[in-house]
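Working notes, beginning with the structure itself.
Bear in mind that the values in this text are calculations on the coordinates, not laboratory data. Since we're looking at a predicted model, the values are computed, not measured. Quick reminder, even Gly has a Cβ in these numbers, built from the backbone with ideal geometry, and neighbours come from all protein chains shown.
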Amino acid sequence: MGSSTQRHLAILRESLLRRLHELQAQVRTAEAAGRGGEGGDREVRDFKDEATQLADDVVDAVKVWRSIDELQQVQAALSRLDSGVYGNCVDCGEPIAFERLRVQPAAERCTVCQEAFEARVRAATDGRSPTGGGAARRP
Ligand SMILES: [Zn+2]
């Protein structure tokens, strides 16, 4: 409450915006690189080159995917800021610690819920279906 919260929010908004621009630039660069075939000398020298190129493309694609993913989180955080609900955990509704937000301004869960969430994701990716779906949400 009060002016320190306002100051905190201003700091976090600023770092969110900075991150947003960084990510937008990354995605734009990657898109330009992916689209812009140099044309001309698309000579395949040997299979190894081709494979290396392919692997690089995959790595780039994964990077772009991560950037887009984070971009969406940052945008969501900014819209939560605008609607005045930023900083509250989406699972338990408790305020997220400023220290956590300062490190990860796009965080949408408190540490406890984030750990529980990651455990659910791990369980899901292990092939086991997460039991009971989403956690109970309080209004
Ligand atoms: Zn929580």
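Numbers at a glance
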item: Amide H partners (placed H, <5 Å) of D91, local residues excluded; result: C110
item: Calculated from backbone phi, Karplus (6.51, -1.76, 1.60) coupling profile of segment 60-74 in Hz, x at Gly/Pro; result: 4, 4, 5, 4, 5, 4, 5, 4, 5, 4, 5, 4, 5, 5, 5
item: 5 angstrom amide H check on A97, placed H, neighbours 5+ away; result: T111
item: Paramagnetic reach from N88 (point 7 Å along Cα→Cβ, amide N under 16 Å) across segment 1-23; result: 1-2
item: Pairwise FRET efficiency - D126 versus E22, Cβ, R0 = 41 Å, nearest 0.05; result: 0.80
item: Rounded to whole Hz, the Karplus (6.51, -1.76, 1.60) HN-Hα couplings of segment 23-31, x for glycine and proline; result: 5, 4, 5, 4, 5, 5, 4, 5, 5
item: Additional length obtainable on full extension of the chain from F98 to A55, 0.36 nm per residue less Cα span; result: 11.5 nm
item: Cα principal axis extents for segment 47-111, largest first, Å; result: 55, 22, 19
